[in-house]
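For reference, the structure discussed in these notes is given below.
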Amino acid sequence: MTIASSKSRANQKLTPQQRAIEKKRALLREFRASDFDPDTYDWQKHGEYFDNLSDDEWAGVWKHVRFASHREPLPDEARVRELVDDAAISSGWFAEWGGELHFSRADYHGFAIENRRFLKKIQQFCHDMADFFGAPPCDHKEPYDPWARYRPVIPALDHLSAVLERKITEDEHNASSADDPPNAAKPELDAWRAGLMLVWQNECRLPIENSKSLRGFLIAALRPYVPGQTDRMAKHFITKWLAGKVTAPPMSLRQLFGDK
């Protein structure tokens with residue numbers, strides 16, 4: 001019993017990043033390949049890894065909601081906790097979790113170039129195939145066509161060519177109208193904080209103002225994953241949000257499909 005308690009206390013001291021890596025190691029030990037050792041692999045070189053806030057870490061976040069609410073009943077704590085974790089997952093900060101996809105003008109130009117190369121190869125292949133097959137026999141006395149079963153490939157590839165041409169047109173249009181990527185130093189952190197702001201406003205029904213409680217909420221939610229969060233950082237972000245300089249994040253997949 002003493003050993004288990006000591007182990008539990010040790011695990012509670014791990015950061016979410018460390019807990020996530022330990023879970024990955026434990027899982028991969030069961031399926032270890034001969035050329036991969038999860039215990040010596042440098043997981044951190046690929047970035048941060050996500051694990052839900054522990055009970056102790058969550059308590060530090062929830063106390064700011066309780067203090068700011070000044071009312072009963074309080075918001076649904078389980079739901080708020082789920083959405084706080086979801087704001088982290090959907091931010092794009094973590095190595096194995098994607099945030100909002102953003103394609104730049106250069107990306108769309110690249111898509112158009114690749115599709116145009118593919119289109120050229122298809123068109124050349126169709127031309128060569130048509131030459132090889134030749135025209136279908138038109139003599140009703142000798143109606144046999146040795147390539148009859150393969151001729152439908154040509155109209156199918158013509159259809160694919162038309163699809164690619166439309167896609168190239170769309171990509172070129174998007175390249176001319178796409179916004180450049182956000183110029184924030186760490187846009188993933190801004191997306192994360194923005195998600196937390198929506199939780200505070202929509203789920204907790206609390207006002208968005210540069211208050212000590214809201215700043216404390218942002219700091220407590222981020223600090224277990226990103227040490228060094230300060231009141232000044234939170235205050236700066238809230239000021240940007242109130243000035244309309246931060247884009248609200250889209251609904252995450254978890255919210256969209258009601259994964260509660």
Handout entry: Only listed residue being modelled with pLDDT under 90, surrounded by 14 or more Cβ atoms within 10 Å (Cβ to Cβ) and touching a helix residue (DSSP H, G or I) at 6+ places or on another chain (Cβ under 9 Å), chosen from 194, 178, 234
Key = 178
Exercise for the section: Kindly establish whether residue 121 is part of a helix (DSSP H, G or I) and within 25 Å of residue 190 (Cα to Cα). Expected result: no
Practice task
Would you mind finding the one in 186, 167, 141 that is outside the structural domain of residue 116 (by TED's automatic domain parsing) and of a type in the set (Lys, Arg)?
Solution key: 186
Practice task
Among what's in segment 228-247 and is within 22 Å of the chain's Cα centre (by Cα) and touching a residue at least 12 places away in the same chain (Cβ under 8 Å), pick the residue that is nearest to residue 20 (Cα to Cα).
Solution key: 237
Problem - Close pairs from segment 23-52: first exposed (fewer than 10 other Cβ atoms within 10 Å of the Cβ), partner not small (Gly, Ala, Ser), Cβ under 8 Å, at least 6 apart - result: 39/25; 39/29
Exercise for the section: Assess whether residue 246 counts as being touching a helix residue (DSSP H, G or I) at 6+ places or on another chain (Cβ under 6 Å), assigned to a loop (DSSP other than H, G, I, E, B), surrounded by 16 or more Cβ atoms within 10 Å (Cβ to Cβ) and β-branched (Val, Ile, Thr). Expected result: yes
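Of the residues 56, 128, 85, 158, which single one is free of Cβ contacts under 8 Å to residues at least 12 places away in the same chain and either closer than 30 Å to residue 206 by Cα or not assigned by TED's automatic domain parsing to the domain that holds residue 234 (or both)?
One residue alone meets the criteria, 128.
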Practice task
Find the residue count for segment 125-169, including only residues that are under 30 Å from residue 108 (Cα atoms) and among the aromatic types (Phe, Trp, Tyr).
Solution key: 1
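On the given criteria, is residue 66 of a type in the set (D, E, K, R), closer than 23 Å to residue 211 by Cα and part of a helix (DSSP H, G or I)?
Spelling it out, residue 66 is indeed of a type in the set (D, E, K, R), closer than 23 Å to residue 211 by Cα and part of a helix (DSSP H, G or I).
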Completion exercise
Those residues of segment 188-206 which are touching a Phe, Trp or Tyr at 6+ places or on another chain (Cβ under 6 Å) and over 12 Å from residue 221 (Cα atoms) amount to 188, 206
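The values are calculated or read from the model by the stated rules, or taken from the named source; none is laboratory data. Note that the structure is predicted; figures quoted are calculated from it, not measured. All Cβ positions, even for glycine, are placed from backbone atoms using ideal geometry, and neighbour counts span all protein chains on display.
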